[in-house]
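Any read-out appearing in this document is the output of simple, stated calculations on the displayed coordinates, not a laboratory observation. Being a predicted model, the structure only gives us computed values, none of them experimental. Cβ atoms come from the backbone with ideal geometry, glycine included; neighbour counts cover every protein chain shown.
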Amino acid sequence: MTNTVSPNTVSIDKPANLPRHLAIIMDGNGRWAKRRFLPRIMGHRQGAKTVKEIVTACRELGIPYLTLYAFSKENWSRPREEVQALMDLLYEYLQNEVDELLGNRIRLRAIGELDRLPERVRGLLFETMEKTSKNYEMQLVLALSYGSRSEIAEAARRIAERCIEGKLSPSEIDEALFASFLYTKDIPDPDLIIRTSGEHRLSNFLLFQAAYSEFYITDTLWPDFNKKELLKALHDFSGRERRFGKTSEQILLRCTGSES
Ligand code: IPE
Ligand code: IPE
Ligand code: MG
């Protein structure tokens with residue numbers, strides 16, 4: 001049965017300033033399993049349950065964009081059985097969640113080298129994206145077979161091609177034009193990036209888009225992450241002053257509307 005979100009389920013603990021776009025590097029599934037003497041795939045399986053809980057929580061809170069780093073380009077070099085198991089899990093997730101996504105008016109999207117996904121997974125992914133394409137309440141973006149450096153290189157290649165074809169002049173290339181050639185062209189930059197399992201790195205995730213993102217790192221492993229932990233991260237974010245290169249005084253003036 002679809003678990004449709006109603007306004008009554010919104011937590012009273014809702015932070016004052018929510019990110020418009022929250023991105024999460026879901027890390028630590030393997031270590032979660034290892035600590036329990038279980039195969040790594042059991043960690044991924046448990047991690048998929050966390051995905052459901054966090055998607056629901058973000059929908060309840062009213063976060064418009066949620067990006068989940070589910071599989072990096074570099075993850076293709078993991079043992080074949082693990083890659084296979086992750087693809088199977090993705091297929092299962094799409095199969096099980098489509099009604100939930102439709103019921104909660106969540107649009108599913110994906111960024112990355114999607115043509116590298118196994119045909120059956122890609123087919124279901126595109127079908128689910130199509131089915132949910134009219135939804136507007138929230139956008140759930142899965143980063144799959146995603147690598148930020150190749151996204152940037154690919155954008156540069158396509159821009160160069162346009163210039164050679166005479167459709168674009170090099171003088172027109174600026175930050176906004178460059179961004180319009182990325183997978184994320186119609187998605188705002190992430191305001192907050194959470195990484196679980198204590199690693200302090202981006203691992204080739206949204207390098208261009210994260211220029212002014214806030215970071216929140218927790219030691220909690222992804223399978224143990226939950227709504228309570230999410231709220232902790234969101235409260236932390238809510239209390240931060242984002243200056244974008246300006247001074248604190250300028251930001252305060254803008255908040256009180258006294259800046260010309
Ligand atoms: C994150 O967990 C899931 C993917 C990268 C697919 P890991 O599998 O990287 O877990 P650790 O880092 O080995 O604990
Ligand atoms: C980053 O995790 C990729 C995903 C969460 C999908 P990894 O576990 O692959 O990152 P590294 O190798 O520790 O940097
Ligand atoms: Mg990892």
* To do: Can you check what the net charge comes to around S213, using other residues whose Cβ is under 15 Å from the Cβ of S213 (Lys, Arg +1; Asp, Glu -1)?
  => +1
* Under DSSP H, which helices of the chain have Cα atoms covering 20 Å or more of the helix axis and a Kyte-Doolittle average no less than -0.5? -> 40-61, 80-103, 148-164
* **11 Å beta-carbon shell around Y183, net charge (K/R +1, D/E -1)** => -2
* Along each principal axis, Cα extent of the stretch 90-244, largest first, Å -> 53, 42, 27
* **Point-to-point label distance, E113-L252, nm (Cα→Cβ direction, 7 Å offset)** => 5.0
* Structure fact -> S145 neighbourhood, Cβ < 12 Å, K/R = +1, D/E = -1, net charge -1
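For the chain, count all C-alpha to C-alpha pairs, find those more than 35 Å apart, and express that count as a whole percent of the total.
18
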* Which number comes out as Rg/Rh for the stretch 1-143 once both Rg and the Kirkwood Rh are worked out on C-alpha atoms? -> 0.97
* Whose amide H sits under 5 Å from the amide H of R109, counting only residues 5 or more places off or on another chain, with H placed in the peptide plane? -> L140, V141, L142
* With springs only between Cα atoms under 10 Å, which of N75, N96, N29 fluctuates most in a Gaussian network model of the chain? -> N96
* Asked: Any idea what % of Cα-Cα pairs in the stretch 193-260 are farther than 14 Å?
  -> 67
* Relative compactness, the stretch 139-204, computed as alpha-carbon Rg over 2.2 N^0.38 Å -> 1.37
